[in-house]
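Following: one structure in structure tokens, then a few remarks.
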Protein chains: 4
Amino acid sequence: MAGNSIGQLFRVTTFGESHGICIGAIVDGVPSGIDLCEKDLQYDLNRRRPGISKFVTPRKELDHVKILSGVFKGKTTGTSIGLLIMNYGHNSNEYKYIENIYRPGHADFTYHKKYGYYDYRGGGRASARETVVRVAAGAIAKKFLLNYYNIIINGYLTQIGNIKFNAPNFLKIKNNKFYCLNKNKIYKLNKFLNMLKKSGNSVGAKVTIIAKNIPIGLGEPVFDKLNADIAHALMGIGAVKGIEIGDGFKFVSMLGSNSRDEMHHNGFISNHAGGILGGISNGQPIIINLAIKPTSSIKIPIKTINHDNTNVNLSNHGRHDPCIGIRIIPVAEAMLAIVLMDHILRQQTQCINK
Amino acid sequence: MAGNSIGQLFRVTTFGESHGICIGAIVDGVPSGIDLCEKDLQYDLNRRRPGISKFVTPRKELDHVKILSGVFKGKTTGTSIGLLIMNYGHNSNEYKYIENIYRPGHADFTYHKKYGYYDYRGGGRASARETVVRVAAGAIAKKFLLNYYNIIINGYLTQIGNIKFNAPNFLKIKNNKFYCLNKNKIYKLNKFLNMLKKSGNSVGAKVTIIAKNIPIGLGEPVFDKLNADIAHALMGIGAVKGIEIGDGFKFVSMLGSNSRDEMHHNGFISNHAGGILGGISNGQPIIINLAIKPTSSIKIPIKTINHDNTNVNLSNHGRHDPCIGIRIIPVAEAMLAIVLMDHILRQQTQCINK
Amino acid sequence: MAGNSIGQLFRVTTFGESHGICIGAIVDGVPSGIDLCEKDLQYDLNRRRPGISKFVTPRKELDHVKILSGVFKGKTTGTSIGLLIMNYGHNSNEYKYIENIYRPGHADFTYHKKYGYYDYRGGGRASARETVVRVAAGAIAKKFLLNYYNIIINGYLTQIGNIKFNAPNFLKIKNNKFYCLNKNKIYKLNKFLNMLKKSGNSVGAKVTIIAKNIPIGLGEPVFDKLNADIAHALMGIGAVKGIEIGDGFKFVSMLGSNSRDEMHHNGFISNHAGGILGGISNGQPIIINLAIKPTSSIKIPIKTINHDNTNVNLSNHGRHDPCIGIRIIPVAEAMLAIVLMDHILRQQTQCINK
Amino acid sequence: MAGNSIGQLFRVTTFGESHGICIGAIVDGVPSGIDLCEKDLQYDLNRRRPGISKFVTPRKELDHVKILSGVFKGKTTGTSIGLLIMNYGHNSNEYKYIENIYRPGHADFTYHKKYGYYDYRGGGRASARETVVRVAAGAIAKKFLLNYYNIIINGYLTQIGNIKFNAPNFLKIKNNKFYCLNKNKIYKLNKFLNMLKKSGNSVGAKVTIIAKNIPIGLGEPVFDKLNADIAHALMGIGAVKGIEIGDGFKFVSMLGSNSRDEMHHNGFISNHAGGILGGISNGQPIIINLAIKPTSSIKIPIKTINHDNTNVNLSNHGRHDPCIGIRIIPVAEAMLAIVLMDHILRQQTQCINK
């Protein structure tokens, strides 16, 4: 109810602050009998890990996850799985200067007004640090989806600032550190991000997530449409300010006659709908675009107020990502995986004649 | 769980098919002591009602709502409110020809594959007819929000095809049948929609919803961010394929230095964020854009398959809206109202020192 | 959240007051493909119906249920099922005299203090009239349980006042109007109830519910144990003040050595546990006892207060059951059926190797 | 959904097995601004701790709880609270002999059949060890209830075997290690338990829990009655096989004329109802009786089967409590506290005119 849980049958509940002892989760509803070990979760944790390139925050974290329960002799037992990731790289003194100041673009102001109290250090509960355990929980879902349904989820950068990349064409590509498909544009991108870093600025991004081999029939009619639950999950990532399914905002200027996906006995002929019809998966790839806002805590000074409502100028010192769109990709993949696994379990109970 | 409910504390559960006897809902969690009568719900029901202009479906419905419980002597009692709206205008024979054919762009295919059975008449449960009772339930929320918090929610058409309208500037305007703000463009719009009607085609639209006088502090951190729950509610309306909060996809090409909303002791200086920071309302107007896909069931023929997976050509006979974006506006307002009321109730339990 | 819903995957939400237009429910999560018609629900509705013998309230109701949605061509479609039962037999004038008086043993006082408003007529939402739609919803569950799992649920009177009946021994018996197994005691019981009726008094009862052919594995460890969910469902029936699983309070004076159910390669040797071990069904019959309090609204006068907190003497005029334990039996069976169906659906998603 | 969570607004989710690394919980929905530290939780943890007398299991545990999040500078922040308690005293080798044997009266058989896999060591997830973190979470609720509502919850032993103790009369008594009120019977009780210990046997118990200073109006009508939610919470403790509210099963042989609680302008004259009317608290003390079954894992041999369904004789070696009713008392108090806190938060949103 207080918003720290997601999913109905596959349900993830999290806790932890940026500068607390650790970040953790309880993952409930994992069927018994699945092979699972900590190594299974580490691959995606490493993709999200800070400090892995010069264009992401230099905060150092090992991000080793500990599975505390729910697995016995290498198999899930059907009981709740406790996950724990320690915080090492926080330096709370770095944040002392904002103890009484609201950082524009951050949750400081709204948390303070909502609760009367908040942990200002590194964003506290509102920090992107919290997403580390979403990636761990999502990796359980990813493994389930891959092993039992052959579902593959991949995210890509499709735009940073005004630099656009080709839309992904489902080819398995070697991940580069930008998760982008046009290797020839990486030089340009490097240059742009270097410039941003020097000037203490940041930039927005567009991220595309694609899930393939989706069974037909996922998603509930009416309120819990698959797209509705996907939108909930992905809009629940900090910095996401827009989402499109399939052609998304392109539909605004399209006619009915050229926006419908014709059907043929071999399948759909196009995929304007992005894999979802009437809120239910139609077996085509699910295609999602996300709008990511630029990092707000940059070095360029900004006008703001302190807790006494007095005007002040603020120049952030903290470490930050020049483009949060890069590290958000494994988080977005994880959130999509959580939704898909939840709906696969939900679908198992819906039809008597299967 | 099966997706026919929305909300946590203010909770709406619905039933009913396009060609069934009636559409209904149970609205739970309405506080006791609120003045409520059927007339309160009728204003928005009339705005959504079919047959009210030549650019919406000619299906005739009275859409009179009956309150069956939960109100005594004109006051809500705190117990669950039953709502019922009869179906009069359906003619199931009109749909006989699609009994064994999947209409592209519709849920026929996915419902059939999901459940093994479906009511093909007028879209059954997947019909936009189902939204009538969302509007009734939303009208309860709207009344609560207005009377106790002075919250006003208004939706506008901001684009149809390539015709763009001014962004709303919060002035109370007289509603025209397009819910658009530029009266000088109505002639152009009329002409365009007439042309579509004649050619049996349809078009997409962009809809903007604005909510004013929002208390600071609505929304839960992490998964149930206010924007996440709004995205869930609005993406749960059929035909919505994209959603933006505040500047939305414009953020992709913006820099951090010009996308942050500066703060001043008199308040925020801009509203790029669309009224939500860190998932929590900041007191500024909430601004949402929706991408609406064109109506799929148009007269222009299309290739499709029947239940035996045989290729067929289909030309729809049924009645339809040339631009579903017009009648979706009161539905979108209702869904936003449901989310805001739910979060206002949720917020009442969160802080001990209020 | 406001308590008008029960179940997770099989979920029943209800509305309606004793003297309102009707009582209704939305039943969500019914799998598609089940044969269902209104007649299927009528058998149990008739068993619970008032006015069927001289020992139950003379209020006259037809209790015909209408299925409003979710069934097409005789099969469930997987979408939400609306149920409606009209109220005919209420006479609100009969209740005018208690408009400002709290009836002891009733919810008048607590509803008024909780909500500030309440519908005093016939108990309003707190009336046993509300259970009529639980019986209808439960009949859907009963049909599912019987047809797909051969599960049979039967309730019996095992004690009224000091008259005790044999514990049921699982033999299919012809239902008499007391649902009791000892035909030779019916004369005694008739006499006792006649005496109560004449003196305007009422009496408590013990009811035993038995469910047979339960699959092993229903129930969730920790908080949602099968017995915990059963206790929730059955304690949620007005007038139930105690519940036992298996030997229940007899365990208090038993030793470990004679209270364990020994196991043998042919199965369990005894059933002290009442069919549930560690919160999970073990395949033996589930055996439940309920303590039912006497009807409170009897003719014998009682001291109470009115809304102004002034002492008054109250003698009830309204119609009542001399022993509510008789008509509660189909309600208790229905509630157990709802829990079992919910847990059967929940269990379908728990294990990968089935 | 998988049963490891309880509560709606105040919500506790747990993980951990008897012989795992640790037991933990996430406590969500705690309002911000409450003073909280680890010491607040330790008092009840010490009352439940094993090894504190010769009549409870000798397993040695420190049961020090760690608060991992949600508290900043000594105040709750409104975000989720992570709790962790390490396991030290387990010796898995002691349980090797039951790796392939189902212990009668335990969850071994049902877990294995439900999930296909289970952690046999010390009962795994089904162990009473799991309740340690319920006591920690319940202590948060207890502090809230005491500090903001002056609600006091106390549990007592009222019967062990055939030794009955006086019903508690609300006098604050010094806790003895049996939580019983008749000091003169402690000698007798000591002797009886010594005899049981020597003979390797165990015994059942009746436990009474009383909560005082309850606000009027807690509990939801219909399904989530306060008594229904209490029954769910307390039946969710392993070994609880029966529950009574107020006079409970005594109602079976009572007449309506002597079972109603008369009202007077100074309040209720009696409390047969146990503080709950129509599912809603009436301001009187809430009185609950629990039936606790004898510990099943005793030294006296028993017939059972192994995983291959072969008959075997089993004599338990593991450590056990001769009467689990003693250590269950702080657990039952904690569960009641969790329910009451949840309903206090739920009630805050129900009435507009407060």
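The values are calculated or read from the model by the stated rules, or taken from the named source; none is laboratory data. Here the structure is a predicted model, which is why all the values come from computation and not from measurement. We place every Cβ from the backbone using ideal geometry, glycine too, and count neighbours over all the protein chains shown. In case anyone asks, the SASA skips ligands and DNA or RNA and just uses the protein heavy atoms, side chains included. Shrake-Rupley method; radii C 1.70, N 1.55, O 1.52, S 1.80 Å.
Brief remarks follow.
- For residue D:91 and residue C:99, the FRET efficiency from 1/(1 + (r/R0)^6), where r spans their Cβ atoms and R0 equals 51 Å, is about 0.15.
- Most mobile of B:340, B:277, B:157 in a GNM of chain B (Cα contacts under 10 Å): B:277
- Region A:1-118 shape via C-alpha gyration tensor axes, a/c threshold 1.5: oblate
- Max mean-square fluctuation residue, GNM over chain D, Cα-Cα springs under 10 Å, options D:35, D:108, D:342: D:35
- The contact between chain C and chain B removes approximately 3400 Å² from the accessible area (both sides summed; 1.4 Å probe; ligands, DNA and RNA excluded).
- Integer Hz, Karplus 6.51/-1.76/1.60 couplings in order for region D:335-346, x for Gly and Pro: 5, 5, 4, 4, 5, 5, 5, 4, 6, 5, 5, 4
- Each copy carries a label point for residue D:194 at 7 Å from Cα toward Cβ; from one copy, the others' points are 6.1, 8.6, 10.5 nm away, ordered from shortest.
- When the square roots of the Cα gyration tensor eigenvalues are ordered a ≥ b ≥ c, the ratio a/c for region C:5-350 is 1.5 or more and a/b does not exceed b/c, which makes its shape oblate.
- Only protein heavy atoms count here; on that basis, with a 1.4 Å probe, residue D:188 has an accessible area of about 120 Å².
- Working ranking of peptides C:256-266, D:264-274 by packing, defined as the average number of other Cβ atoms within 10 Å per residue, highest first, is C:256-266, D:264-274.
- Note on residue D:94: accessible area is roughly 60 Å² with a 1.4 Å probe, heavy atoms of protein only.
- Here is how far apart the residue C:348 label points are across copies: 1.0, 3.7, 3.9 nm, shortest first, using a point 7 Å from Cα toward Cβ.
- One residue of chain A places its C-beta nearer than any other to the axis carrying A onto C; that residue and its whole-Å distance are A:348, 3.
- Inter-copy label distances at residue D:262 (7 Å, Cα→Cβ; nm, one decimal): 5.5, 7.6, 8.6
- When a 1.4 Å probe is rolled over the protein heavy atoms, the share of accessible surface on chain C that falls to carbon and sulfur comes to 52 percent.
- Environment charge of residue D:275, counting only residues whose C-beta is closer than 15 Å and scoring Lys/Arg +1, Asp/Glu -1: +3
- Against the rule of thumb 2.2 N^0.38 Å, how large the Cα Rg of the protein assembly as shown comes out: 0.90
- Above-threshold pairs, the threshold being 25 Å between Cα atoms, out of D:113/D:293; D:113/D:198; A:66/D:66: D:113/D:198
- FRET efficiency for residue A:162 and residue D:213, using Cβ-Cβ distance with R0 set to 56 Å, rounded to 0.05: 0.30
- Gaussian network model of chain B, springs between alpha carbon atoms under 10 Å - residue of B:331, B:207, B:312 with greatest fluctuation: B:312
- Using a cutoff of 8 angstrom between alpha carbon atoms and counting only pairs six or more residues apart, the relative contact order for chain A works out to 22 percent.
- Taking amide H as placed 1.01 Å from N in the peptide plane, the amide H of residue B:220 sits under 5 Å from that of B:225, B:226, each at least 5 places away or on another chain.
- Take residue C:146: with every protein chain present and a 1.4 Å probe, its accessible area is about 80 Å².
- Flagged links, alpha-carbon separation over 21 Å, of C:206/C:241; C:164/C:225; A:39/A:142; B:39/C:96; B:114/C:225: C:164/C:225; B:39/C:96; B:114/C:225
- Shape call, region D:191-258: gyration tensor on alpha carbons, a/c limit 1.5: prolate
- Probe 1.4 Å, all protein chains present, accessible-area order of D:102, A:117, largest first: A:117, D:102
- In Hz, Karplus ³J(HN,Hα) per residue of region C:259-276 (6.51, -1.76, 1.60; θ = phi - 60°; x = Gly, Pro): 10, 7, 8, 5, 10, 9, 4, 8, x, 6, 8, 9, 9, 4, 6, x, x, 9
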